[in-house]
Amino acid sequence: MNLGTIVAFEIRRAVKHPVYLFIQLILPLLLIFILGTALDSVFTVKDEKLETVRVALVQQDKGEIGAELDKWLRLPAAADRIRLEPAASRSEAIGRLRNGTADFALVVPPDFSASVLRGGSAKWELIAGGDSGKNLAASVIFQSMLDRLNDRQAVSLALGPGLPAGQPAMQAATPDAGSSAGSFVKIGQLAAGKPYSAMQYYAASMLIMFLLYAGMFTGIGLAEEKERHTLARLHSTPVRPWHILTGKLTANFLLAVLQAVLIIGFTSAVMGVDWGASIGAVAFACLAVILFSIGLAVLVLSFTKGSGPMNVVFQLVIGVMTFFSGGFFQLPEGMLSRIGEFTVSHWAFQSILNSMLGRTDWQPVAIVGVIAAVFLAGSFAVYRKAGYYE
Amino acid sequence: MNRLVEMKDVVKKYGSKVTVDHLNLTIQEGEIFGLLGPNGAGKSTTIHMLSGLLKIDYGSICLDGFSVAERPLETKRRIGLVPQDLAIYEEMSALDNVMFFARLYGLRGALLKERVDEALAFVGLQDRKKDKPKSFSGGMKRRLNIACAITHRPKLIIMDEPTVGIDPQSRNHILESVRELNRMGSTVIYTSHYMEEVAAISTRVGIMDGGRLIACGTQEELRAKVAGEEKLTIEAQGIPEAALEELRQHPHMIRVVPLEEGVEVYLNSTQAYLQDILFVLSKHQVRIRSLTQTEPDLETLFLSLTGRSLRD
Ligand SMILES: Nc1ncnc2c1ncn2[C@@H]1O[C@H](COP(=O)(O)OP(=O)(O)OP(=O)(O)O)[C@@H](O)[C@H]1O
Ligand SMILES: [Mg+2]
């Protein structure tokens, strides 16, 4: 019953703190909104209409491949991105690039087909214009075409000219052209094409980060009570020391749970963030992060005096964990993200992202749970040794 | 009378430093026990052990028959501790503060409300109860600090230097409230390094120094220990060391204590030797501004026991 008194008082105390409310509720929502909106274009794998590239085409090849090129260029997949501006000669094409009536030029030499099918070197000339984005788009499109031609060259060398019916190599190139243009767009993304939005991504990462901050406030609160002697006074009342600690932790735990519910509720209702179907995984990841951060508070409290060190330790731990788990921005595959695997943030993040992606993978959820449980138990054990006061 | 507190051979060490040194002390029910001692004497440490805030390294403390170490909840229930350092929640209203601690002592319902109002009225904060201590003066905070400790009408109220750093008016208010609490049935332990405060309210006094209880008894008993001494305070500027040395050489001199502006001399009869003292001072051309002769007090006792003044 004294436990209840302490829990209730602690909650009232926290809620009366406007700074606390701002930092723990308004700030995360604000950050999710700002980051989610600002970085939206970096994340979204929209079927964005690329601007059509005007290609000055100098097609001098009257052979087999030249005909197929013409056919290929007129297919919808290519025609969407390329508007052909036939040009009579290489110099006319360059003139068009100069005066801006074309963005890119392709010169196919007269002996192209013959040379390819003979196994000789076949060269298209790609001439870049002034817009690097369009250059890239065009060159990728033609490159994919060329790749196919090279395949075809190989086939032709092996089987001799006069391909068997179906001409599989060239046909395969057709549908592929679109998707390879698509995959080019993805290379420019940070995500290797994961279909969640920036808003979702930052909703998850900021939620985790601010749940860790909940632990920091717990720790600072306890350290401050030590500094301000109210903790000693509490220990002079007929309440078991254990109840004093657990009462305060319980209150902060409940507040953090409420915080998670409000952030998830608000982002999904107002900002349209889809947290996915595995609400269980999301909830479990949140609980684990909260318990971990409370454990960290208890651990730091056992070793340090004062709210200063508590603040420093938490800022450091939260900063490092959020960074390496990709919480501030997506990290490239490799060392950095491997380091992330040693953080609780990473596994919580993956649990939530999985839910958003509609995947059911219980591994990260289990890992985050185990980390939190072990850490919490360990910090309580240390704390019992170190003692609560004096 | 009942023995309320019994400390036997109590020791507390910080590292190798002995802070409380084999302390034996008994406090009877109904007393106002003044614990007097200079800074660092070990008063707060003693009180924290009694309140269950500190482990006792050696010896035992019993309160109302319960061992503090073995039955902490029983003993804590009987104590109202007013800590030396203000221990209130600055961002919660005075009422919230008192209410919270009252609940922790198990008060509920109508009784809770009644006792909380009573405590607030007792310290004169009834009309400021909705305000946060942030806006209070030092004296008001001290009074709130007291209110938080008395709602459960504890058998023993412990006040650790409750008048530190406050104006004389609040100080008198607090001293008066100590008497009132005692009249209402609580035994009081009151620590201070102000001799006057302890002398004004205590029925019995213990003097601590360097972790040891160097004297204990009623004020009369303690004064009797220094009955043979009289103190003469001489106000003067710039008394040369040679003059002080010559005073020390006087055959009936007990002690010479140089002050910032003057000197205190302790003799078994100041009247008998007044001429000698004045002679020495005038020989060294000391211009005397005033002379005061006082009866021995607790300060005198402390000096005679330790050779040091309480005040520094
Ligand atoms: N936690 C601690 N660690 C080490 N030494 C301590 C600790 N607490 C107190 N002391 C030392 O114990 C001695 C007694 O301190 P205590 O606070 O009991 O004195 P006090 O009589 O209450 O003095 P004051 O009038 O200044 O309150 C001091 O020398 C102090 O430095
Ligand atoms: Mg003290």
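The values are calculated or read from the model by the stated rules, or taken from the named source; none is laboratory data. These figures come from a predicted structure and were not determined experimentally. Don't worry about glycine lacking a Cβ; one is built from the backbone with ideal geometry, like all the others, and counts go over all protein chains shown. For accessibility, only protein heavy atoms count, side chains too; no ligands or nucleic acids. Shrake-Rupley method; radii C 1.70, N 1.55, O 1.52, S 1.80 Å.
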Failed item, numbered, when B:Ala110 is tested on (1) farther than 13 Å from B:Met7 by Cα; (2) open to solvent by 20 Å² or more (accessible area, probe 1.4 Å); (3) in contact (Cβ under 8 Å) with a residue 12 or more places away in the chain: (3)
Among the candidates B:Leu73, B:Leu53, which residue alone is within 14 Å of chain A (Cβ to nearest Cβ), farther than 21 Å from B:Met184 by Cα and within 16 Å of ligand 1 (Cβ to nearest atom)? B:Leu53
If A:Leu316 meets every condition in (1) surrounded by 13 or more Cβ atoms within 10 Å (Cβ to Cβ); (2) over 19 Å from A:Leu291 (Cβ atoms) apart from one, which number is that one? (1)
Does at least one position in the range B:49-66 carry a residue that is out of contact with any Asp or Glu (no Cβ under 8 Å at 6 or more places or on another chain), open to solvent by 10 Å² or more (accessible area, probe 1.4 Å) and within 15 Å of ligand 2 (Cβ to nearest atom)? no
Please work out which residue is farthest from A:Lys385 (Cα to Cα), limiting yourself to the range A:265-302 and to residues that are assigned to a helix (DSSP H, G or I), touching a residue at least 40 places away in the same chain (Cβ under 8 Å) and of a type in the set (Ser, Thr, Tyr). A:Thr267
Among the residues of the range A:100-121, which ones are surrounded by 15 or more Cβ atoms within 10 Å (Cβ to Cβ) and free of Cβ contacts under 8 Å to residues at least 40 places away in the same chain? A:Ser115
Which ones in the range A:217-242 are surrounded by fewer than 19 Cβ atoms within 10 Å (Cβ to Cβ), farther than 15 Å from A:Gly306 by Cβ and not basic (Lys, Arg)? A:Pro238, A:Pro241, A:Trp242
Of the residues in the range B:9-37, those that are within 11 Å of ligand 1 (Cβ to nearest atom) and either basic (Lys, Arg) or in contact with a helix residue (DSSP H, G or I) (Cβ under 8 Å, 6 or more places away or on another chain) (or both) come to B:Lys12, B:Lys13, B:Lys17, B:Thr19, B:Val20, B:Leu35, B:Leu36, B:Gly37
Kindly indicate whether B:Thr75 is among the β-branched types (Val, Ile, Thr) and either under 20 Å from A:Leu234 (Cβ atoms) or assigned to a loop (DSSP other than H, G, I, E, B) (or both). yes
Residues of the range B:253-303 being closer than 10 Å to B:Lys231 by Cβ and in a helix (DSSP H, G or I), which ones? B:Thr270, B:Glu299, B:Thr300, B:Leu303
Residue match in the range B:33-46 (condition: away from ligand 2 (no atom under 16 Å from the Cβ), in a strand (DSSP E or B) and surrounded by 19 or more Cβ atoms within 10 Å (Cβ to Cβ)): no
One residue from A:Leu69, A:Leu3, A:Leu73, A:Leu25 being under 29 Å from A:Ser197 (Cα atoms) and not hydroxyl-bearing (Ser, Thr, Tyr): A:Leu25
For B:Glu6, only one of the following conditions fails: (1) within 16 Å of ligand 1 (Cβ to nearest atom); (2) under 20 Å from the mean Cα position of the chain (by Cα); (3) of a type outside the set (Val, Ile, Thr); (4) open to solvent by 10 Å² or more (accessible area, probe 1.4 Å). What is its number? (1)
Looking only at residues in the range A:15-32 that are under 21 Å from A:Gly265 (Cβ atoms) and either buried (at least 18 other Cβ atoms within 10 Å of the Cβ) or of a type in the set (Lys, Arg) (or both), which one is nearest to the other protein chains (Cβ to nearest Cβ)? A:Gln24
Has the range B:79-96 got any residue that is touching a residue at least 40 places away in the same chain (Cβ under 8 Å), at the interface with chain A (Cβ under 9 Å from one of its Cβ atoms), within 16 Å of ligand 2 (Cβ to nearest atom) and not in a loop (DSSP other than H, G, I, E, B)? yes
Strands (runs of 3 or more DSSP E) contained in the range B:140-227 and holding at least 1 residues in contact with a strand residue (DSSP E or B) (Cβ under 9 Å, 6 or more places away or on another chain) and among the basic types (Lys, Arg): B:204-209, B:212-217
Is at least one residue of the range B:139-148 within 16 Å of ligand 2 (Cβ to nearest atom) and open to solvent by 50 Å² or more (accessible area, probe 1.4 Å)? no
